[in-house]
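Engineer: Dumping the structure here so I can ask a few things about it.
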Amino acid sequence: MTVDEARPAVDTFLAEAYRSGKRCVLIVHGRGLNSKDQVPVLKSRLTSWLARGQFARLILAFTSARPCDGGAGALYVVLRRQRHARQPIRVIAGAKW
């Protein structure tokens, strides 16, 4: 993907992962071997998007993946757990009035 194609795809992926309750996801950005000058453009952009982008508040951490999961061409992203509105506690038995 190009940078312009990747940004909305990453945003959509993170939104769906968070909504479905996922806590850790793997984003494969590649090592940039097919890009101009073989420089990993998406890797640097992706780390910037995760740290300062629209979903930065939902992200606890991110790091490069293990070699078996993509190594330098992929990132693990740890998402915050969803905050649910607290339901009032209903005491059925043993309540003191």
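The values are calculated or read from the model by the stated rules, or taken from the named source; none is laboratory data. No experiment lies behind these values; they were computed from the predicted model shown. These area figures cover heavy atoms from the full protein model, side chains too; ligands, DNA and RNA do not enter into them. Shrake-Rupley method; radii C 1.70, N 1.55, O 1.52, S 1.80 Å.
Engineer: In the chain, what percent of the accessible surface is made up of carbon and sulfur (1.4 Å probe, ligands and nucleic acids excluded)?
Structural biologist: 53
Engineer: With Rg and the Kirkwood Rh both taken from Cα atoms, where does Rg over Rh land for region 19-93?
Structural biologist: Ratio of gyration radius to Kirkwood radius for region 19-93: 1.23.
Engineer: Given the -39500 (n - 2.57) contribution per DSSP H run of 4+ residues, what per-residue ellipticity at 222 nm results for the chain, rounded to the nearest 500 deg cm²/dmol? Don't jump to the answer; show the numbers that get you there.
Structural biologist: Working: 2 runs with 29 residues, N = 97.
It comes out at -9500 deg cm²/dmol, rounded to the nearest 500.
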